[in-house]
Structures are given as structure tokens and as C-alpha cells.
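Values quoted throughout were computed directly from the atomic coordinates according to the rules given, and no laboratory measurement underlies them. Keep in mind that this is a model prediction, so the values were computed, not measured. Here the Cβ is made from the backbone with ideal geometry for all residues, glycine too, and neighbour counts use every protein chain on show.
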Amino acid sequence: MNVVTTINELRDHINSLKSEQKSIGFVATMGALHKGHLSLMERAKQENDVLVTSIFVNPLQFGPAEDYEMYPRSLEKDRKLAQSQKTDILFAPVVDEMYPRPMFNEVNVISGTDVLCGKSRPGHFNGVATVVLKLFQLVQPNNAYFGQKDAQQVAIIKNLVKDFNIPVHVVACETMREEDGLAISSRNIYLSDKERLQAAFLYESLQRVMRRIEEGITDSQLLEKEMNVFLKKHTDAPIDYAQILSFPELKTIDKIAGSIIIAGAVQFTKARLIDNILLHVNEMEGGNKYVSYYDEI
Ligand code: PAF
């Protein structure tokens, strides 16, 4: 594995891979690698000639009151994990390499940011879209792999690629979970023992909504209310949102139908956890049937 910290070095590697017509699979991360990232790398490696992984804690996507300084950094451990997944090039630049001067231009995401995480994290998705655009320009991947846990991020990156005609296939991969259903996240380490037990109810709340839809309930406001009540009953943490939207448009809906996202976010003491389920809901006589999916967003 080549560990590369400068853009010039990375460009040299990418140019020679392109001249050899190698396909490039790319996994962008902020480090603190866990099973979720490793599964993205495994898939990227399987589906491409070479795997490029990046580790960069992007300051642009953190708000002033957010955990940029506190965000877990473990480069040495991550290096070993990236190697274990057969990463060919690990790109791990410092902030000055990516942003040598204040940016003159940034991506301004104008749709899909007024809901879910975008609502409470103003500017977050502009920061994500800006760094992802830069990384796509540098790595020039054929395929880029992102976790479905960050479904809003995936939708925004897909729209970015479409709007700017970037020749990258964005692949959304299934959320990796702990045994009790908790979505694996770098921030889970910040949960207290009590919070860790309560955190599993976030996924349970999404599944309950799914079951209610299977039973035939199509009133989205009612389902959101029920999800809120369930989360309040099982966690002490403030609920940031419990929402059902159309997907990938991320628009509010009155009646459950078609492709939807059921999403929740809970603010524990030191960790804000998010999770979601994506469904395609088809009306059936006497009720609904659902088909869950994760790769066709
Ligand atoms: O999902 C993440 O870890 C980050 O938002 C990403 C895509 C690496 C951009 O910094």
C-alpha cells in the first residue's frame, strides 16, 4: 500500500493508473475506521482494479459548535486497517494540503438540505459536497462507495455528480450494524453504557414504522408521531428528528407510497446518532407491501 500525503504524489499515481487503464474504486473517509468502512473497501476492491482510500477530517463540514477538534483521529490504526482491506493507495493529506488558502469557491447545495441533518447542521452539506468534489477531481474514481447510513449525504453526492456531469458511479452500500441493530458509527465510542443500551432503540423505532406500514398505515404524520413517542419512551436523549420523506427527493409526504426514507436522529450527551431505512412501498389490496433496497438510490 502506498501512503500518500500530497496532491502531487497522488496525481502521479492516478496518472499512471489511468495510463494503464485500471479502474479505480474509491472510499472517502474521515478515519476512525470501523466495520462499516471496511465493508465499503472490501466491495470497492472486489469491483475495481485498484482501491484508493482517503482519510481526511474535513473542517469545512463541521459547524462552529460541532466536534471537529474532538473528532476521533487514529491514523496509525487506520493505516493498518486500510492495508488489511488491500487498499492500494491511502491518501491522507493534512488540512493545509487540501486547503492551502481560504477557498474562493465552495459548492452550495441548494436542494435537499432543509430536512433531516441539514436542518440542524447548516452548511454541513456544502462542506461535504465541496470536499467530495475536490476528492473526485483528485482521485478520478470510476466507482465511489458510501454508506447508506448517511442517506442524505448519498442523495446529495448523487445530485452533485449529476449536476456537474462528474464521470463517477456513486454506490450506496448497506449499513453495517451491531448485533442489537445499532448502526456502526465512529461516534458510538462516545456513548455511556446506559446510552449504548438506549441507542439500539433508534433502529427499533425505524423497524416499528416499517411494520406499521406493512400493516397498512399510510398516514406519515401519524407514523412520525408514533416514532417520536417510542423514542421518547426508550431514550432520555433529545430527538433531533423522526421523519418520513420521499427519497431521493427528500420532500415531505402526507401519504406513504413509492420510494421513501424513514429517518431518525437522537442527540446523546457526546454523540449525535442517525439511522434510516429506505423502502419502496407498493399499494396492495387490503394493505401495503414493502421492498427494502439500498443500491438503487
Ligand atoms: O461520510 C464521511 O465520512 C464524510 O462526510 C466524507 C464523505 C468522507 C466527506 O468528508
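Considering only the other residues whose Cβ falls under 12 Å of the Cβ of Pro72, what net charge follows from Lys and Arg at +1 and Asp and Glu at -1?
+1
I want to check the label-to-label distance for Ser23 and Thr269. Put each point 7 Å from Cα in the C-beta direction and report it in nm to one decimal.
Here the answer is 4.8 nm between the modelled labels.
Restricting things to Cα coordinates, could you compute the convex hull volume per residue of the range 210-251 in Å³?
With only Cα atoms used, the range 210-251 gives 84 Å³ per residue.
Please arrange Glu224, Glu69 by counting, for each residue, the other beta carbons lying within 10 Å of its beta carbon, fewest first.
Glu69, Glu224
What percent do you get for the relative contact order of the range 1-120 when only Cα pairs under 8 Å and 6+ apart count?
34
Quantify how much of the Cα-Cα distance distribution of the range 76-158 extends past 22 Å, in percent.
38
For the range 25-147, how big is the tail of P(r) above 20 Å, as a whole percent of Cα pairs?
Tail of the P(r) past 20 Å holds 46 percent of the pairs.
Averaged over all directions, how much area does the convex hull of the C-alpha atoms of the range 1-94 cover when projected, in nm²?
Dividing the Cα hull surface by four gives the mean projection, 6.2 nm².
Between Gln267, Gln140, Gln21, find the one with the highest GNM mean-square fluctuation for the chain; connect C-alpha pairs within less than 10 Å.
Gln21
Report the label-to-label distance for Lys255 and Asp219 in nanometres (one decimal), using points 7 Å from each Cα along the Cα→Cβ vector.
1.4
So what's the range 193-281 giving for Cα Rg divided by 2.2 N^0.38 Å, two decimals?
The range 193-281 yields a ratio of 1.05.
Over all Cα pairs of the range 102-196, how is the pair count split among 10 Å bins, expressed in % and running from 0 up to the last occupied bin?
Binned Cα distances yield the sequence 14, 40, 32, 12, 2.
Using R₀ = 41 Å, calculate the FRET efficiency as 1/(1 + (r/R₀)^6) where r is the Cβ-Cβ separation of Ser192 and Phe104; round to 0.05.
0.40
Relative contact order for the chain: what is it in percent, counting Cα pairs under 8 Å that are at least 6 residues apart?
Once divided by the residue count of the chain, the mean separation gives 16 percent.
What percentage of all Cα-Cα pairs in the chain are separated by more than 29 Å?
In whole percent, the share of Cα-Cα pairs in the chain beyond 29 Å is 36.
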